[in-house]
Amino acid sequence: MNTALAFSDLPAKLRRRLSNGRDLLRRHRDHGHHERFATGSAGFDRLLAGPGLVRGEMTELIGHRSSGRFSLLLTALAETTRRGEAAAFVDLGDGLDPRQLAALGGDLERLLWLRPRTLKEALAGTEAVLDGAFPLVVLDLGEPPIPGGRGSEAFWLRLARAAQRHRSAFLVSSPYRASGTAAATVLTARRGRGQWGSPRQPVLAGLSSQLRVDKGELPHQQESLRLRVPEAPSLPQIPGPIPAPAPAPEASPLRPTRPSRLSAARPQVTESAASSAGCTSGSRSSTAAARPRRVPGIFSNLRPFAERSGEKVGLAATGAE
């Protein structure tokens, strides 16, 4: 049966209400054109076939260290919160610096920051914020190895349906493919070469990165990204020259005095100490008899006083005599 002839045989009123699959797809794209979030990166937005992330879809961004993956996340969060929209960031890699996000123009008061410890906690927190109908939800899995593995594909499909149900733009950042078939768009960021300053000042000025679409409306399309290193703040200038410290006066060398062996081995007993112990000076026998009465320690001065006064030395704390 010829489809063209069958369509032409239909009444005109019915033909106006029918359309083919290509027209339906074009209408769907035109209708969702305004339901997007600009990421703040022109090259990233062009690869997404529109001015940003699509609301109600999951987008996965794959990249290793120094590929620009985390910088694109910060740019998207800053652009969204600067426009007055709320955003949630599930930071499993714990790499967010709030000062850096504020320097990009982001509004920290419109950002919900979650810091889970395992992938199970990260997926549960992501589902909670998606059910909260946040306009933008970003999940960063950090660097490998991911604590907890990749997760089940069934749970990723569950998160994709939650994003579609609440019309949230869901962006997943991972070092390798983790969401399986749940993501509608998959992009890969590849690390390029470093860009250095002048030969006299070999300081890192930025990095180059290649962004490619692996799955989406524009497959195998690429964009070049350039990441600039922010300039360090200049140090405050100190007015006037710094005075040199005054030289220290020369000190004459001192000879160390060595203690006498006799004084170190046998402490001398003075006349007052011997008389308080009941001994007479000049008598060797009386001095020898007084030596056992000296108790070493903090009670050495109490025992001669007690014997002289005729009292008993006891334990006052316990009351024993």
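The values are calculated or read from the model by the stated rules, or taken from the named source; none is laboratory data. None of these values were measured; they are calculated from a predicted model. No Cβ is skipped: glycine too gets one built from the backbone with ideal geometry, and neighbour counts run over all protein chains shown. Heavy atoms of the whole protein, side chains included, go into the accessibility calculation; ligands, DNA and RNA do not. Shrake-Rupley method; radii C 1.70, N 1.55, O 1.52, S 1.80 Å.
Assorted remarks:
- If both residues of a DSSP beta bridge must be in the stretch 60-143, then about 0% of such bridges are antiparallel.
- Per-residue 3J(HN,Hα) values for the stretch 116-124, derived from phi via the Karplus relation 6.51 cos²θ - 1.76 cosθ + 1.60 with θ = phi - 60°, read x, 9, 10, 5, 5, 5, 5, 5, 5 Hz in sequence order (x marks Gly and Pro).
- The C-alpha radius of gyration of the stretch 83-179, expressed as a fraction of 2.2 N^0.38 Å, stands at 1.05.
- Since only P147, A182, G105 are under comparison, the one whose Cα sits farthest along the positive direction of the charge dipole of the stretch 88-197, derived from C-beta charges on Lys, Arg, Asp and Glu, is A182.
- Nonlocal amide H pairs with L114, under 5 Å, H built at 1.01 Å: F89, V90, D91
- Rounded percent of accessible protein surface that carbon and sulfur make up, the stretch 153-203, 1.4 Å probe: 50 percent
- The listed residues E60, E109, E223, once ranked by accessible area (1.4 Å probe) with the largest placed first, stand as E109, E223, E60.
- Approximating the spin labels as points 7 Å out from Cα along Cα→Cβ, the Q164-to-L18 distance works out to 2.7 nm.
- In this Cβ point-charge picture (+1 for Lys and Arg, -1 for Asp and Glu), the stretch 108-162 has a dipole of about 100 debye about its Cα centre.
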